[in-house]
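Asker: Here it is, the structure in full.
The values are calculated or read from the model by the stated rules, or taken from the named source; none is laboratory data. Treat the numbers as computed from the prediction; the structure is a model and nothing was measured. Every residue, glycine among them, receives a Cβ derived from its backbone with ideal geometry; neighbour counts consider all protein chains shown. Just so you know, the surface numbers come from the protein's heavy atoms only, side chains and all, with ligands and any DNA or RNA stripped out. Shrake-Rupley method; radii C 1.70, N 1.55, O 1.52, S 1.80 Å.
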Amino acid sequence: MSATPQAPVDGFSLATQGFMKSLLDALGGPGSGQPQQALGAAEASKFAALQLRYFEEQARLLQSALGDAAGDGSSDRADHRFSSPEWKRNPWFDYLRRSYLINSKFVADWVDALPTEPVMKERLRFLTRQVADAMSPSNFIATNPDALKLALETQGESLARGVRQLIDDVHKGRISTTDESKFEVGRNIAVTEGAVVFENELIQLIQYKPLGDTVFKRPLVMIPPCINKYYILDLQPHNSMVRFAVEQGHTVFMVSWRNVTEEQGTLTWDDYVEKGPLKALEVARAISGVEKVNALGFCVGGTLLGVALAVAAARGESGVESATFLASMLDFSDTGEISLFVDESIVAYREATIGRGGILPSRDLSIAFSSLRANDLVWSYVVNNYLKGKSPEAFDLLYWNADSTNLPGPMYCWYLRYTYLENKLRVPGATSVLGVPVDFGKIDLPAYVLATREDHIVPWRTAYQTTELIKGDTRFVLGASGHIAGVINPASKNKRSYWTGENLSANADGWLSQAAEKPGSWWNDWSEWLERRAGGRIKAHSRLGNAEFKPLEPAPGSYVRHRIS
């Protein structure tokens, strides 16, 4: 390497060291000065060793950079941010990459060494990771070799496109993660044929048309999460769980939650239970003419279903034959990094501002969930859309992910306090809903509990606790992948794998130790389980609804079309 780049190399080294000191000071810890003044002797010694190693690594890196020796990239082979060969081939970009990784590791190690309480340490880990992710040299045009090369090849047109896309996203208030022009609800997603057969101020209930001459006697009622639209369960025909269930012979009813506005801003958790799952189950029974139906809840839809079943049990009602819980929590003892967003001060603030009326904008939840995987859900799109000027590809899951919904303030505050903050739902009688104490132990019916192994929203070991809370014959299944891809794993593609175990253990790891891995989709396993509880086959009727609950409009209905741009 010639002597010319030496000055910028030295400048970058000083800048990164300055950033490190500022970050450490901002976190309330020692910077590059006297760590002994802030820490005890043991911690100070540990920090001094970390600091010494940091400067030794930076010195070796600078020496190799000045000697034209590019690294082998062994420390970041799985890091997609630096997958381009140019990051390792060019000594300058290799230096930026390796220096950044050293800085990031030092901050992470420093937080690990802090003598602070576990909750505070986890928050510091989260904060420092957010800052480190944001400071990656891949996120800036001047230090991203691919973006620079593309700008030169296109004579600046890629940068111009990036600026235009940035302006468009600023107007939308969110980062575009997919080509939204390629999808339309009712045209190429949420297209399973059916009709809205009931609606109130909170839900529309869709009944789907049978695809065969016979159907099972007991219908299946699906309760999706209320923080997004229902069509995660009815994307395109090839990956629609709704269509799969209809093809198997189930009469499927789907709750479509309303995207609430200020007019519905006083709705409570009780309203969501009563006007959501309880009403949907009642209408499905009336239309089908049966005493019992099968029910399914996904994510917070599973929590709402669990509470509804507990309320029904307390009232002496038994209108559900079986329950399926998909990536859901009834016990909130370990909620992963989401818990970092919840403490008494945060909940009290929400209660003071929207607890008696108002809405939680969908954007707030979207930002929180995206930050849990910032490199994948934020920075990769910043680089692709704005630095390279490329349009994101069309992906139905990401289209759905961007189509989030508002929540009423009173409902959200109740949910936040009694689940994430205090975990009261799991304690028999500690909370009351619709005037009756909630006791999951009174739920005595067959249950299929699915968790996914890489779920960062519903940790699988926490989802496993549902098997300890409810009675009845319970089957626990662990799917591969994460919160969405692990659930939406079509049987037709038969990808990934899942684990089953006949004997439930007192803890999740005990269950896993004796579980067997099976290739393919868990959908087939669930279908066989559900068929045994569906009541035998009867002649299918093409007419939807009945004399009391007549079709109001074709599926997917009007509630799901209210999109926040």
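Asker: Read through the list (1) more than 18 Å from Arg543 (Cα to Cα); (2) among the β-branched types (Val, Ile, Thr); (3) crowded, with 17+ Cβ neighbours inside 10 Å, then give the number of the only condition that Thr251 fails.
Answerer: (1)
Asker: Which residue, of Ser345, Ser380, Ser362, is touching a Lys or Arg at 6+ places or on another chain (Cβ under 9 Å) and of a type in the set (Ser, Thr, Tyr)?
Answerer: Exactly one of Ser345, Ser380, Ser362 is touching a Lys or Arg at 6+ places or on another chain (Cβ under 9 Å) and of a type in the set (Ser, Thr, Tyr), namely Ser380.
Asker: While we're on this one: Only one of these is in a helix (DSSP H, G or I) and touching a Phe, Trp or Tyr at 6+ places or on another chain (Cβ under 7 Å): Gly302, Gly276. Name it.
Answerer: Among Gly302, Gly276, only Gly302 is in a helix (DSSP H, G or I) and touching a Phe, Trp or Tyr at 6+ places or on another chain (Cβ under 7 Å).
Asker: Scan region 298-336 for residues that are open to solvent by 10 Å² or more (accessible area, probe 1.4 Å) and more than 30 Å from Val283 (Cβ to Cβ) and jot them down.
Answerer: Ser333, Asp334, Gly336, listed by residue number.
Asker: Suppose we keep only residues that are open to solvent by 30 Å² or more (accessible area, probe 1.4 Å) and among the small types (Gly, Ala, Ser) within region 337-356. Which one would you say is modelled with the lowest pLDDT?
Answerer: The selected residue is Ser339.
Asker: If a residue has to be over 23 Å from Ile102 (Cα atoms), in a helix (DSSP H, G or I) and open to solvent by less than 60 Å² (accessible area, probe 1.4 Å) to count, how many in region 112-146 make the cut?
Answerer: Here the count works out to 0.
Asker: Can I ask one more? Yes or no: region 376-391 includes at least one residue that is surrounded by fewer than 16 Cβ atoms within 10 Å (Cβ to Cβ) and either of a type outside the set (A, V, I, L, M, F, W, C) or over 30 Å from Ser83 (Cα atoms) (or both).
Answerer: Checked against the condition, which is being surrounded by fewer than 16 Cβ atoms within 10 Å (Cβ to Cβ) and either of a type outside the set (A, V, I, L, M, F, W, C) or over 30 Å from Ser83 (Cα atoms) (or both), region 376-391 yields at least one hit.
Asker: Identify all residues within region 229-263 that are closer than 26 Å to Gly355 by Cβ and out of contact with any Gly (no Cβ under 8 Å at 6 or more places or on another chain); write none if there are none.
Answerer: Lys229, Arg258, Asn259, Val260, Thr261, Glu263
Asker: Within region 521-539, take every residue that is at pLDDT 95 or above and part of a loop (DSSP other than H, G, I, E, B) and give me the one that is most open to solvent (accessible area, probe 1.4 Å).
Answerer: Arg532
Asker: Hey, another quick one. Please work out which residue is nearest to Leu96 (Cα to Cα), limiting yourself to region 149-159 and to residues that are free of Cβ contacts under 8 Å to residues at least 24 places away in the same chain and open to solvent by less than 60 Å² (accessible area, probe 1.4 Å).
Answerer: Residue satisfying both the conditions and the ranking: Ala151.
Asker: Those residues that are part of a helix (DSSP H, G or I) and within 30 Å of Cys413 (Cβ to Cβ), I need them from region 362-375; list them, please.
Answerer: Ser362, Arg363, Asp364, Leu365, Ser366, Ile367, Ala368, Phe369, Ser370, Ser371, Ala374
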